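For reference, the structure discussed in these notes is given below.
Values in this text are rule-based calculations from the coordinates and carry no lab data. What you see is a predicted model; the values in this text were computed from it and never measured. FYI the Cβ positions are ideal-geometry reconstructions off the backbone, even for glycines, and counts take in every protein chain you see.
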Amino acid sequence: MNNNQTTTANSSSVSPTLKLYGYWRSSAAYRVRIALNLKGLAFENLPVHLVKDGGEQHSADYKALNPQALVPLLVDGNERISQSLAILEYLEEVFPIPALLPDDPADRARVRSLALHIACDLHPLNNLRVLQYLSGTLGVEDEAKRQWIQHWIATGLAGVEQGLAAFDGKRSLGRRPGYLEACLVPQVYNARRFNCDLSAYPRILQMTEQCETLEAFTNAAPEVQPDAQ
């Protein structure tokens, strides 16, 4: 684990001591990078290569930090928080301004519902360890694996597309992106990476396009991370 980099979307960050263990192409780590940037929080970017030498996440040193052997992991002083949505909730509670969630309880629930759908129902079916199991242990051929990926991404995005109708073409915080967009944009990145047809999801594309040129998102993009390959 090397190539450390301190990152911030805002030079007035209030917490330069945060450390984020992640992998450049992990969409879960991508979510957290976006959230940290949206809040203007500086953080030390600590890459964990998920493929090299069988995966650095399985090393004794890393598992001592995170027994789940997954990324991302946020370290804030003596606190270690794993799982991307738990990290987003932690950031929202410890660094509440600017907020990532709407003020209204029902609106917050809608955002969390879509974020959970992306993070828990959609993403796990196309993440690295699932695909490695399909190819390695089960011996699934590349074409069948491609169909698996595209099927589950399409199924998941269809539900997101319907859910975005509640936002009427706006960002989740009106003029600002937040929690929802931090989860959505990385999943759209995954869909494009696997050559999924996104033409059936105009609301998703609109919300994504509203975000992709913003500094908080461009600085979090996989290709600009210190461990990008």
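Distance between the 7 Å Cα→Cβ label points at F194 and A158: 1.5 nm. Coordinate range of the alpha-carbon atoms in the chain per principal axis, descending: 47, 43, 28 Å. If both residues of a DSSP beta bridge must be in the chain, then about 70% of such bridges are antiparallel. Taking θ as phi - 60° and the Karplus parameters 6.51, -1.76 and 1.60, the scalar couplings of the stretch 130-142 work out to 5, 5, 5, 5, 4, 6, x, 5, 8, x, 5, 5, 4 Hz in sequence order, x denoting glycine and proline. Taken along its principal axes, the alpha carbon cloud of the stretch 5-97 reaches lengths of 39, 20, 20 Å, longest axis first. Summarising the amide proton neighbourhood of L173: residues at separation of 5 or more, or on other chains, whose placed amide H is nearer than 5 Å comprise G178.
In percent, what relative contact order does the chain have, based on Cα pairs under 8 Å that are 6 or more apart in sequence? 24 percent.
Seen from C120, the other residues with C-beta closer than 13 Å to its C-beta sum to a net charge of +1, counting Lys and Arg as +1 and Asp and Glu as -1. Normalised by 2.2 N^0.38 Å, where N is the number of residues, the alpha-carbon radius of gyration of the stretch 105-229 equals 1.11. Mind counting lysine pairs for me in the chain? Cα separation below 25 Å, and the two need to be 8 or more apart along the chain or on different chains. Eligible lysine pairs with Cα atoms under 25 Å apart amount to 6. Once the Cα-Cα distance is subtracted from the 0.36 nm per residue extended length, the A228 to H58 segment shows a gain of 59.2 nm.
Applying the Karplus relation 6.51 cos²θ - 1.76 cosθ + 1.60 with θ = phi - 60° to the stretch 98-115 yields 3J(HN,Hα) values of x, 6, 9, 10, x, 6, 6, x, 5, 5, 4, 5, 5, 4, 5, 4, 5, 5 Hz, where x marks Gly and Pro.
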